[in-house]
Amino acid sequence: TLRRFNSSSATPTTISLLGRTYPTDGWTNITPSITAHLSQNLHLQPSHPISITRSLIESRFPSPTYTHHNHLSPIVTTAQNFDSLGFPSDHPGRARSDTYYINAGHVLRTHTSAHQLDLFKANHAPGFLVSADVYRRDAIDRSHYPVFHQMEGARGWDLAKTSVAEINDETEYLASLTASLQVEDLHPPFHEQTNPLQPQHSSEAAAAVAAHLKRSLESVVLALFTSAPNPDADADADSPSSSSSSSSSSTPAPPLKVRWVEAYFPFTSPSWELEVFWRGSWLELLGCGIVQHPILTAANLPSSHISWAFGVGLERIAMVLFGIPDIRLFWSTDDRFTAQFIQGEVTRFIEFSKFPGTLRDIAFWLPGGVEDGEDTGGANSGAGGPAVHENDIMEIIRNVGGDLVEDVLLKDQFTHPKTKRASRCYRVHYRSLERTLTSEEVNAKHAELEKALKEALGVEIR
Ligand code: FA5
Ligand code: MG
């Protein structure tokens with residue numbers, strides 16, 4: 001019988017990344033299309049929208065109160081990415097279907113929180129910011145790419161040295177900056193079941209730190225979103241003189257609205273997400289909360305230490321601020337993209353014409369079902385339940401199609417009533433950002449994709 005993962009014998013036993021060599025093992029799942037992104041550092045290219053966004057946020061968290069870290073290696077240990085943050089051993093984020101493993105002990109960081117413990121340990125300032133590329137196996141569409149950028153922020157106080165009143169004074173100043181912002185807070189500061197106050201914290205101290213966190217982030221959002229060109233002033237968009245009084249017919253922009261929503265993270269409690277109302281809908285910008293006390297004590301900080309932390313997606317903000325419609329554009333080297341941006345400025349992206357796209361369906365039977373139930377060992381066994389994860393399918397599509405795949409839709413799925421075999425049909429949308437694809441080229445790619453799915457997952461093309 002055809003073995004499903006029979007390519008493992010051809011896998012090299014070591015891999016070199018960023019000047020270091022790592023042994024590979026059964027966990028290894030990184031691919032060349034991913035490792036090609038490792039040294040691109042969009043967050044460090046001064047006139048790139050990701051870097052412009054980073055600088056704008058950094059300016060709201062200045063040194064020396066906050067140290068800025070922009071060169072931390074994307075290769076971290078599973079201890080840094082998960083264990084140090086209190087991820088339970090069965091957390092889905094640890095799965096090979098979700099995370100890029102170099103080997104059992106090393107991953108490409110899935111979030112900038114992977115650096116929290118080390119930076120708390122270094123304790124060189126009351127606060128820090130980390131901006132970096134992060135990697136996740138994920139769906140494919142206009143707003144999801146396996147590589148994106150996050151910024152982590154944290155700020156702490158030793159309550160043996162700083163009084164709650166001093167924290168509140170600083171918060172009051174931050175609140176004065178955001179007086180024009182409309183803030184909805186949908187939840188009480190603590191929630192017994194889902195978002196408890198930590199036993200080491202007094203409710204007074206936790207409330208002070210939470211308020212400092214929220215006012216700090218609100219002031220960033222206000223600064224960012226009021227620096228963005230007004231999307232409703234399209235009629236005036238070509239006019240360079242924004243101060244022109246000829247636009248007096250347009251109504252003034254309504255006040256910016258944000259809201260706080262309860263959230264859950266293993267490494268903070270209580271936790272929240274911040275959403276902004278932008279062009280008619282609520283958009284999630286970041287997650288945050290009060291750092292779990294055991295992380296701080298593991299960093300050798302005194303038990304009187306308390307800290308907040310947040311993690312924000314830079315693409316998500318940059319797409320909104322600059323009006324960039326497709327996340328793949330951030331990786332474009334086409335100068336119709338790169339030449340549009342100026343260091344330190346938020347400018348409206350002017351779309352260049354899109355090249356036509358092409359749809360191709362791919363339908364197949366998943367391995368498993370009653371016919372081959374007897375040859376499945378381990379994870380693939382079960383009542384005809386194939387252990388092919390959707391992210392594995394996406395990964396293969398990404399490897400073959402690269403940036404020519406704009407998105408992939410699950411069009412249809414069913415299980416054959418007699419054989420119990422599962423069928424899937426995906427619609428792959430091919431489009432280049434740079435040129436018109438010929439149908440020969442798309443056909444060849446699609447045939448390559450069918451072959452790769454057959455070989456890697458043992459599917460049967462219908
Ligand atoms: C985290 O990654 C947490 N580490 C955030 C955090 C830090 C919480 C510190 C508490 C304390 P989450 O997976 O929700 O959480 O991602 C955070 C942000 O990254 C999201 O709000 C979003 O802005 C952005 N983000 C997440 N996934 C993607 C994606 N696939 N593409 C683009 N942006 C994304
Ligand atoms: Mg989230």
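The values are calculated or read from the model by the stated rules, or taken from the named source; none is laboratory data. As the structure is a prediction and not an experimental result, all values here were calculated from the model. Because the Cβ atoms are built from the backbone with ideal geometry, glycine has one as well, and the counts that use them run over all protein chains shown.
For A383, are the conditions met, namely being over 30 Å from D326 (Cα atoms), part of a loop (DSSP other than H, G, I, E, B) and modelled with pLDDT under 95? Here the answer is yes, as A383 does meet what is asked. When R155 is tested against (1) within 12 Å of ligand 1 (Cβ to nearest atom); (2) more than 22 Å from E273 (Cα to Cα), exactly one condition is not met: (2). In the range 388-399, the residues that are farther than 14 Å from A95 by Cα and not assigned by TED's automatic domain parsing to the domain that holds S33 form no Cβ pair under 7 Å with any partner that is among the charged types (D, E, K, R) and part of a helix (DSSP H, G or I), whether six or more places apart or across chains. Scanning the range 422-462 for residues that are in contact with a Leu (Cβ under 6 Å, 6 or more places away or on another chain) and among the aliphatic types (A, V, I, L, M) yields A422, V459.
Of these, D334, D326, which one is within 13 Å of ligand 1 (Cβ to nearest atom), surrounded by fewer than 20 Cβ atoms within 10 Å (Cβ to Cβ) and within 25 Å of Y145 (Cα to Cα)?
On the way: D334 fails: within 13 Å of ligand 1 (Cβ to nearest atom).
Testing whether each residue is within 13 Å of ligand 1 (Cβ to nearest atom), surrounded by fewer than 20 Cβ atoms within 10 Å (Cβ to Cβ) and within 25 Å of Y145 (Cα to Cα) leaves just D326.
Taking the criterion of being within 21 Å of V130 (Cβ to Cβ) and not polar (S, T, N, Q), the residues of the range 99-118 that qualify are Y100, I102, H106, V107, L108, R109, H111, A114, H115, L117, D118. Scan the range 127-149 for residues that are in a loop (DSSP other than H, G, I, E, B), of a type outside the set (S, T, Y) and either closer than 15 Å to T31 by Cα or more than 15 Å from ligand 2 (Cβ to nearest atom) (or both) and the total you get is 6.
When A422 is tested against (1) small (G, A, S); (2) in contact (Cβ under 8 Å) with a residue 60 or more places away in the chain; (3) touching a strand residue (DSSP E or B) at 6+ places or on another chain (Cβ under 7 Å), just one condition goes unmet, and that condition is (2). Within the range 272-320, the set of residues being within 11 Å of ligand 2 (Cβ to nearest atom), over 14 Å from E218 (Cα atoms) and charged (D, E, K, R) comprises just one member, R316.
Show me the strands (runs of 3 or more DSSP E) entirely contained within the range 58-115 in which 1 or more residues are within 14 Å of ligand 1 (Cβ to nearest atom). Working first, answer last.
Values: elements: 66-69, 75-77, 101-103, 106-108.
Result: 75-77, 106-108.
Rundown of residues vs (1) modelled with pLDDT under 95; (2) within 27 Å of the chain's Cα centre (by Cα), yes/no style:
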position	(1), (2)
R215	no, yes
S248	yes, no
E284	yes, yes
S304	no, no
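Restricting the range 255-312 to residues that are of a type in the set (G, A, S) and more than 8 Å from ligand 1 (Cβ to nearest atom) leaves a set whose member that is surrounded by the most Cβ atoms within 10 Å (Cβ to Cβ) is S307.
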